[in-house]
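Participant: Pasting in a structure now, in structure tokens, and then I'll have a few things to ask.
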Amino acid sequence: MVHGSLTRREFIRAGTGAMAASAARKVTVLESVPLSSYARAVSPSDTVRFASIGTGVRGCELLQASLHVPGIECVGVCDLYDSRHEAAREAVKRDVPATRDYRRILDRRDVDAVIVATMDHQHRKVVVDACAAGKDVYCEKPMSHTVEDGFAMVDAAQKANRIIQIGSQGVSSILYAKAKEIFDSGRLGEVFMIEAYSDRNSASGAWVYPIPPDANQQRIDWNAFLDGAPKRPFDPVRFFRWRCFADYGEGLAGDLFVHLISGIHFVTSTNTIAQRAQSTGGLFRWKDGRDFPDLIETFYEYPNFRVVLRCNLNNEAGGLIGFYGIKGTMIIKDSTLTVRPQDTRPQPESYSIYGWPAKLRDEYLKNWHEENPSPAPRDFRVVEEVETFATPPGYDPVPDHQANFFNAVRSRKPVVENEVFGNNAAIGCHLANYAYFNKSVAVWDPGAKKITRG
Ligand SMILES: NC(=O)c1ccc[n+]([C@@H]2O[C@H](COP(=O)([O-])OP(=O)(O)OC[C@H]3O[C@@H](n4cnc5c(N)ncnc54)[C@H](O)[C@@H]3O)[C@@H](O)[C@H]2O)c1
């Protein structure tokens, strides 16, 4: 029962908890302000000139988003498939030079930074070469295809003193900033349990992308695509639906767990790797020759909490990250964030005493109320209200994430998601797959920098 006449954030229960009550609700639309902090005039000499390596679906999205970021200019695009040169030009600039060979981009002295949005198995090679060529790098998630790839990339970035941003854009979102603020404030109390999911129910969600009619070996540099993977005859299914195959991607873990893990690490300031992971799941529906399951659930052990993640390609449940604390529950669901307090005020035990004779029960209740006189006189009891935060309509964190990177390129200040953060999150994905495919506990060995069987 909500009393509108009460000015404090409160709900009221009559008696000693017998009446159910709902909490007041407050909804705040967050202001989409961060870009304005980057928007202060950037002098032409401070313009960051970048090129994009890999201009497929994501590469084009990133190019479009880059148009909203002040003080940057796309000066080159690179892809192995000629039609994607055209798509990139349509996305960013009609006359931008295009090439199939990323080394030609890295050789250019007028390129300060590169965006790497290739398939995952090519991230290592391109990022290591880019660092060696003195470029700062925005590399798409998941940072690594293997544990070894990730550490090679960390070494390359640090050796060359380059700025690296990994592309889990959620960590630059105004919603996650609010979630972190609430988590850090202690409002949730201690949080021992975090659960998250990312579920879809469509062919596109299961990566069954159409093959374009001009997909042939004249238009696609198939051998360059196979670099770092086993040799095979030309197969457009592998090129366009690469996420299904272990030679190039990491399935659901690399595609979607990585966003959840990055979000959880960001909100909880956990820049480490889970100690152990166990997975279950299966390939139930999308049996098209793929290597990966269409359902995976993974249980992670971190030093201070446990995490359960799920990705299911057989039901459209959307995405959620839930933080279940002693004092409150915080749920990030799509574009909203809800904080719901737990009622932790003292109450008489009200379950087991109903197995007592009435006399003992009454005595217990009487004593309890004597020992706990508040909240007299009318048993008004105050809890925090339920609060919901939402992003404004059309809000997209990608320009924020890019702006964070390009600003760092200019200022040499740290980014929000550097190579160590990205590597830790990606290893969470590798732990999940290791546990799934080996049907065993996956244990992270930090000394050996390896996953071992538990
Ligand atoms: N952050 C996100 O939300 C998000 C969303 C989608 C994809 N991604 C990531 O972006 C990356 C690309 O995914 P996508 O969906 O765009 O794949 P895609 O298949 O549409 O595009 C990848 C492109 O990379 C090109 N490529 C591969 N190796 C190359 C090389 N050596 N030189 C130049 N080009 C090369 C390919 O020709 C291809 O066109 C992946 O790492 C993926 O996980 C991130």
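Every number in this text was worked out from the coordinates using simple rules, so none of it is lab data. Computed from a predicted structure; not experimentally measured. Here the Cβ is made from the backbone with ideal geometry for all residues, glycine too, and neighbour counts use every protein chain on show.
Participant: Once the principal axes of the Cα atoms of segment 405-446 are found, what is the range along each, listed largest first in whole angstroms?
Facilitator: The Cα atoms of segment 405-446 stretch 46, 17, 9 Å along the principal axes, largest first.
Participant: Follow-up question, since we're still on this one. What residue among Y138, L106, M153 has its Cα farthest toward the positive end of the dipole of segment 98-168, where the charges are +1 on Lys, Arg and -1 on Asp, Glu, each on the Cβ?
Facilitator: L106
Participant: Still on this structure, I have one more. Where both residues lie in the chain, what percent of DSSP beta bridges are antiparallel, nearest 5?
Facilitator: Bridges in the chain that DSSP calls antiparallel: roughly 60 percent.
Participant: Pop out the ³J(HN,Hα) list for segment 217-224 in order, Karplus 6.51 cos²θ - 1.76 cosθ + 1.60 with θ = phi - 60°, rounded to Hz; leave Gly and Pro as x.
Facilitator: Residue by residue, segment 217-224 yields 6, 6, 8, 10, 7, 5, 5, 5 Hz.
Participant: Right, something else. Near the amide H of T391, under 5 Å away, which other amide H atoms are found, from residues 5 or more places off or on another chain, if H is placed in the peptide plane?
Facilitator: Placed amide hydrogens put L30 under 5 Å from T391.
Participant: Using the Kirkwood radius over C-alpha pairs as Rh, can you work out the diffusion coefficient of segment 253-390 via Stokes-Einstein at 20 °C, viscosity 1.002 mPa s, in µm² per second?
Facilitator: D = 111 µm²/s.
Participant: Based on the Cα gyration tensor of segment 298-454, what are the three equivalent ellipsoid semi-axes, each the root of five times an eigenvalue, rounded to whole Å and given largest first?
Facilitator: 45, 26, 16
Participant: Still on this structure: Give me the distance in nm between label points sitting 7 Å out from Cα along the Cα-to-Cβ direction at D155 and K333, one decimal.
Facilitator: 4.6 nm
Participant: Could you give the radius of gyration (one decimal) and Dmax (whole number) of the Cα atoms in the chain, in Å?
Facilitator: Spelled out, the Cα radius of gyration and Dmax of the chain are 25.7, 89 Å.
Participant: So, with +1 on the Cβ of K and R and -1 on the Cβ of D and E, and no other charges, what is the size of the charge dipole of the chain about its Cα centre, to the nearest 20 debye?
Facilitator: Its charge dipole is roughly 200 debye.
Participant: Regarding segment 64-215, what's the average projected area of the Cα-atom convex hull, expressed in nm²?
Facilitator: It is 12.6 nm².
Participant: Relative to a virtual label point 7 Å from the Cα of A215 in the Cα→beta-carbon direction, which members of segment 104-125 show backbone nitrogen distances below 16 Å?
Facilitator: 119-120, by backbone N distance to the label point.
Participant: In deg cm²/dmol, rounded to 500, what helix-only [θ] at 222 nm does the chain give when every DSSP H run of at least 4 residues adds -39500 (n - 2.57) and the total is split over its residues?
Facilitator: -9000 deg cm²/dmol
Participant: Right, next: Mind listing the long-range amide H neighbours of G76? Cut-off is under 5 Å, sequence gap 5 or more, other chains count too, H placed in the peptide plane at 1.01 Å from N.
Facilitator: Residues meeting the amide H criterion: S52.
Participant: Moving on. At q = 0.19, 0.22 Å⁻¹, what is the log10 ratio I(q)/I(0) for segment 192-285, with the Debye formula run over Cα points and no solvent?
Facilitator: Log-scaled intensity ratios, in q order: -1.03, -1.19.
Participant: What's the longest piece of the chain with no exposed chymotrypsin sites (Phe, Trp or Tyr not before Pro), counting a site as exposed if DSSP puts it in a loop and it has at most 12 other beta carbons within 10 Å?
Facilitator: 1-283
Participant: Which entries in the list K178/K413; K159/K439; K125/K449 go over 31 Å, if you measure between the two C-alpha atoms of each?
Facilitator: The pairs that break the limit, which is 31 Å between Cα atoms, are K159/K439.
Participant: For segment 70-125, what is one quarter of the convex hull surface built on the Cα atoms, given in nm²?
Facilitator: Average projection, Cα convex hull of segment 70-125: 4.3 nm².
Participant: Oh, and also: How large is the dipole of segment 223-336 about the Cα centre if only Lys and Arg carry +1 and Asp and Glu carry -1, each at its Cβ, rounded to the nearest 20 debye?
Facilitator: 120 debye
Participant: Let me ask something else about it. For V116, list long-range residues whose amide hydrogen, built 1.01 Å from N in the peptide plane, is under 5 Å from its own amide hydrogen.
Facilitator: Amide H to amide H, under 5 Å and 5 or more residues apart or across chains, V116 pairs with I53, Y138, C139, E140.
Participant: Rank M330, Q275, C78 by how far each Cα sits towards the positive end of the charge dipole of the chain (+1 on Lys, Arg Cβ; -1 on Asp, Glu Cβ) and give me just the farthest.
Facilitator: Q275
Participant: From the phi of every residue in segment 276-287, what ³J(HN,Hα) in whole Hz does the Karplus formula 6.51 cos²θ - 1.76 cosθ + 1.60 yield, where θ is phi - 60° and glycine or proline is x?
Facilitator: Computed from phi, the couplings for segment 276-287 are 8, 9, 10, 10, 9, x, x, 9, 9, 10, 8, 8 Hz.
Participant: Still on this model: Do any trypsin sites (Lys or Arg not before Pro) in segment 294-378 lie in a loop, going by DSSP, with at most 16 other beta-carbon atoms within 10 Å of their beta carbon, and if so which?
Facilitator: Of the trypsin sites (Lys or Arg not before Pro), the ones in loops of segment 294-378 whose Cβ has at most 16 other Cβ atoms within 10 Å are K327, R378.
Participant: Just going by the charge dipole of the chain, with Lys and Arg at +1 and Asp and Glu at -1 on Cβ, which of S173, F284, A224 is farthest out on the positive end?
Facilitator: It is S173, whose Cα lies furthest towards the positive end.
Participant: Please compute the Kirkwood hydrodynamic radius over segment 177-334, one decimal place, Å, based on all pairs of different Cα atoms.
Facilitator: Result for segment 177-334, one decimal place: 17.5 Å.
Participant: Further question: What is the magnitude of the charge dipole of segment 28-147 about its Cα centre, with +1 placed on the Cβ of each Lys and Arg, -1 on the Cβ of each Asp and Glu, and no other charges, expressed in debye to the nearest 20?
Facilitator: Computed charge dipole of segment 28-147: roughly 200 debye.
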